[in-house]
Every structure is written in C-alpha cells, then in structure tokens.
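Scroll down for the structure; my scribbles are underneath it.
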Amino acid sequence: MRAVSAVGIIMFAVAGCTPSTPQNADSAADTPSRATAAALVNSNPTVESAIAFISEAEARLAEEREYGIRAAWVHANFITPDTTWLLARADSQFTELSVRLANETKRFERLDLPDEIERKMNILRTGITLPVPSTPGAADEIAGITAELASSYATGHADLNGETVGLDELEQILDRSRDPQLLAKAWAAWRTIARPMADSYARMIELASAGAKELGFSDLAEMWLSTYGMSAADMEAEVERLWGQVKPLYEELHCHVRAELSDFYGENVQADQGLIRADLLGNMWAQQWSNIYDLVAPAQSTLDLDLTTILQESGYTERKMIETGEAFFTSLGLAPLADSFWEQSLIKQPADRVVECHASAWDIDQVDDLRIKMCTQINAEDFQTVHHELGHSFYSRAYARQDFLFRDGAHDGFHEAIGDFVALSITPEYLQRIGLIEDVPDADADIGLLMQQALDKIAFLPFGLLVDKWRWQVLRGTVGPAQYNDAWWELRRQYQGVEPPVARGSGDFDPGAKFHIPGNTPYLRYFLAFILQFQFHEAACEMAGWEGALHRCSIYGNEAVGKRLNAMLELGASVPWSVALATFTGQRQMDGTAIIKYFEPLMGYLKERNEARQCGW
Ligand code: X8Z
Ligand code: ZN
C-alpha cells in the first residue's frame, strides 16, 4: 500500500482511522495493551497472538497513514521538489511498515482463524499496490521513483506550434477541435511528456515485482488480482465473462461512430473500415466519447440537452456544482458533509502554483475530514465527475466506524461506482426539478439521450479493461520495457479498435501519458465500476417502484433507497463483496444484464443503422 493517494485511488492506505472514533475507543478495551500485544506477537503463533498482531498492525498503520496522507495532500496541492521529497520520505516509511506487516502474516497462515481476523490478514497481505523487497534501500528507491513520476505527470508540459502548453490546453483541443491536423499534433504533444518516464517506470516494476515474490505471490499481477476474494485466475475469468456480456454493445457503437466520423472527416482522414483514429473521439485517451455527440447524433432526435451550456448559462460556479452534487446525496437521507470539507477542499485550479489536476477524493483523518481536489470546469463532464468524487466521500464517511483494515470499499470497483451510480439519476426530470431546464424532452429524444450516455459508458468499457491487461503483462514480465509501447497499442487495437494518428517510435511510452500509469492506480476498478453502477441503478429503480425505461429513472429524494444504499456503504470491506452487493441489490454476482437492459433501445437503433455497414476491425 502507498500512503500517497486519495480515497478510491489506492487501497487501504487512504482508508484509515483515528484513535478518537467511538468504535476504536470501545474496541481498545477488548484488545490487549501494546506491551501485551508485542509479547503475544513474538511468541508462537496462536489464534490469540494473531488477534494481537492484527490489533497492533491496525494501530501502527493508522498512525503512519495520517502522516503519509497529509504529506500526499500537501504535495498534490503544491508540487515542488521539496514536497516531492517529503512525499517520497513519507511513502517509503509507510511502504516499509506495510510490507513488514504483510510478511508477518505468513506466521499465522496455518491457523484456523476467526473469519474477521482471516479477512484482515488477507487485506494486509494483498493490499499493497507496490510492495518492495527487503533489500536495503529498496523502499526509498521505489518511493523516490513514484513521487517523481507523479510530479512529472502533474507538471507535464509540451511544445505545440512553438508554444509551451499543459494538459488542460491540450485537452481543450482534443475535446473540442474538429481540425484533424491540430488534433493529431495536440495528441502527440501530450505523449512527449511520458517518454522520459519509461526507464524509471521499468525499474519501479522490477523492484515491486521482487517485493510481490517475497510476499509469496508468483508475480505482482497475481497480487493485484487477489484483492477480489478469489484466485487471480478466477478473477480474470470473471472479467472475461463480464466483457463477453457487454462486447456486442461496444461493437455496434464502434461501427456507428466510425461510419459517422468517416462521413464527417472524409475517407482520407477516417476510413469507414478498420480502426478509428484515436484523436477523433473527443478525448485525449479516447476513453469517453460524449464530446463528439453532435457528430454521431441520431438525425430524428429532437434532443437539445446540452448540459454544459445549461450550467454555464445558469451561472453555475465551481462551488455551486459541488453543492448541487451534495444536495443529491442529502436528498437520499445522508447527512451533509462537514464544514471542513468546504474549508479544505481544492475545487478550482489555482493561478499561482502547480497542483495535480486529476480529480480525486481524500479521506484525511477517517472521521470527517474529507476533501476533494478538482480543477473544476463548468461543464457536463465535470458535473459528472463532481458526483463521482462525492461518491468516494460519502462512502468513506459511511464506513468510518469500521476497524481500520475494513475502512475501504467492498472492492475497489464499488468505490468507483457509487458516485457514478448516483449520477445515472441525472435525468431530464431531475434537471427540471432542480430548475436547470424548463421542459422535459419527449420520448422521441430518448435515442439521443441514450447515445450521449453510451458515448461515455459503453465506449469506456474496453479502455477500462485494457489498461490493466497491459499492466498485468508488464507485472508478469511477459512484456518487457522494449515492448511496453507496442504491447499497449496491440491492446488498444484489439479491444478498442483504435489506432494512433501518428507513427509511434521506439522512444515512446504512451501508457505513461495516462494519469493512472505513472500514478500506479490499478485500473480494473473502473471497468468493474462501469458494470456495477448499472446494476446498482437497476436495483435502486426497482426499489423505488419505477416502471418506466431505466434511463428515465431518478432516485433523487428517495430516502428508502438511500437507507438501503447506506447499509451497503457502512459495511466497508468488513464482509465479502458479494455480501455487500446483495445487501443493496439482492444479487451476489457482478452482472452486465442491467447495462444491456439500460441500452436496449439504443442497441435496436444501432443495429438498424449498421445493417448495411460492415462492422468490426
Ligand atoms: O480517475 C478517475 C476519477 C478519479 S478516481 C476521476 N476516473 C477514471 C479516469 O479518469 O480515467 C473516473 C473514470 C475513469
Ligand atoms: Zn474515483
């Protein structure tokens, strides 16, 4: 585990606790004192000493975590060589402690432990994103690399037509421009920032892989996949099963979008066969495509719901965007966020210092010092992101009374899904209720609405999957540094059916131009979240007695749904995720049926449009 990251981005490093919570005070009375605990831990392994070990581990981690998370917060809000140094120092200490504790769990392996203790042992053993070997200096070296990589990404600047520009300017171009030459230039420019990362990235993987082996895993991919309460092989098979369920949706969307792009740009820019040029899809990473809605919109749709314009014309500020998001959560019966949230969060890009602008949610003290950090823009995309981040915050607060090691999502995909699930209730009816629009569009606009959603939610699925498919190959060592970039593009072609707009060379390291690669955030969580959020939505709408189309259902104001949601959130990681899932949805398995049902009317439309087209790539 690393101490450097925000809630929902890194495992239990950020889901810590404070000794002042009532539950901790209570449980302290039942557990051995520090001195007794140390004596028990050092004796022969028994159930009693295992319990003492866990109690001691939770106390030590909680102490160290708060130091690490505060160092990470200061770094992300003020990136300088000094804060990068401080972050590396804090991270190294936290990693050393976590790895030592993870290794110590081996002593208790043969014991028949109470379920709760066994769960905590597993969390300790598997929950480190980048473990280190016990070689002297390894923790410092890896922490130095990760802090530098994070800083390089956040401060990355590139040359565009002789001007030095950052990610925000380049993203503006990718999001909005329709000039294929400018798009290709801006796309390639951003990727220059990643080239210098490749060597240190490879060294970091080398060290972390050795750490995983010391912990008894065959490789780090196995370790990452072991966080889901089943074997790595079973989890990979589970992911394949889910992808198999939703792949036909993606193939239809790809086919339609390619044809429309080809019509718009002409055959010379985009052929109507084969791969799609990655820079034409309205996003720097071609991961979500709603910015090109106007190019692929159904002709017969009367939809005129441009939320960006609506927010801007209604005078929304950054704060108002977040207040509106919070009001959705409180409408479900959840208590408002503490004053400190508003005092400490960063919601606007500062003009006078360098910050990490990738949105994140932070749980500082694991009681109520929750914060978000966003360079918020007044547009539809960030309105969605606000709900996403608040989902992390409300989840963290709900499980704050759990023991330290259970202060986390049921699995990481749950953490990523909560805010998005809530945002699926941003329907036209909801926008009307909060005064953002006057008239709710008729049902004949529904294909347009669904197309807007699909461009984000369906388009994302193969991307959400391939990022860690690439990383698993890297972590297994089946792809070495010399093949990093080719392997990346092989997967981008295979799963997304996209290609680079300009030739890639041997020095390129395109994965490094995506936040979560230098940031070492596992990415499978988002693939799972994009499936789960629809499962949550369908279950919530059923609870609410909704009988219409799923995409028109909003749970806004429904306290009964909120109560049941909170029951799942409060569990944190204290039970297997299938139990948490069942608490809210009644189902014990992740399942793509709900997303398929949600988009059923769009699928019909796409199939019709694609009838005379040759799909696939
Ligand atoms: O990184 C995020 C969140 C923070 S956990 C803004 N997301 C992924 C991304 O931007 O790549 C949300 C969707 C996928
Ligand atoms: Zn998130």
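Structure data summary
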| item | result |
| --- | --- |
| Accessible area expressed per residue, region 41-113, with surrounding protein chains retained (probe 1.4 Å, Å²) | 47 Å² |
| Rounded to 10°, Cα long-axis angle of helix 232-265 versus longest principal axis of the chain | 20 degrees |
| Span from the region 260-325 Cα centroid across to the region 329-382 one, whole angstrom | 26 Å |
| Average projection area in nm² (convex hull over Cα atoms of region 557-617, one quarter of hull surface) | 6.9 nm² |
| Qualifying GluC sites (Glu not before Pro) in region 521-617, DSSP loop, other Cβ atoms within 10 Å at most 15 | GLU547, GLU611 |
| Region 62-137: GluC sites (Glu not before Pro) falling in loop per DSSP and having at most 16 other Cβ within 10 Å | GLU109 |
| Cross-link table LYS320/LYS457; LYS247/LYS469; LYS348/LYS373; LYS213/LYS514; LYS185/LYS514, entries beyond 20 Å C-alpha to C-alpha | LYS320/LYS457; LYS213/LYS514 |
| Over the chain, relative contact order from alpha-carbon pairs under 8 Å, at least 6 apart, % | 20 percent |
| Euclidean distance of C-alpha centroids, region 170-192 and region 509-561, integer Å | 28 Å |
| Accessible carbon and sulfur surface of the chain relative to its total accessible area, %, 1.4 Å | 48 percent |
| Stokes-Einstein D for region 490-617, Kirkwood Rh over Cα pairs, 4 °C, 1.567 mPa s (µm²/s) | 71 µm²/s |
| Kirkwood Rh and Cα Rg combined as Rg/Rh, the chain | 0.95 |
| Solvent accessible area, Å² - TRP577, 1.4 Å probe, full protein context | 30 Å² |
| Computed accessible area, CYS375, all protein chains, 1.4 angstrom probe, square angstrom | 20 Å² |
| In Å², nearest 10: area of TYR316 left accessible to a 1.4 Å probe | 20 Å² |
| Point-to-point label distance, PHE264-GLU490, nm (Cα→Cβ direction, 7 Å offset) | 3.2 nm |
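The values are calculated or read from the model by the stated rules, or taken from the named source; none is laboratory data. Just so it is clear, the structure is predicted and the values come from calculations on it, not from any experiment. Neighbour counts run over all protein chains shown; Cβ positions are idealised from the backbone, glycine included. All accessible areas refer to the heavy atoms of the entire protein, side chains included, with ligands and DNA or RNA removed. Shrake-Rupley method; radii C 1.70, N 1.55, O 1.52, S 1.80 Å.
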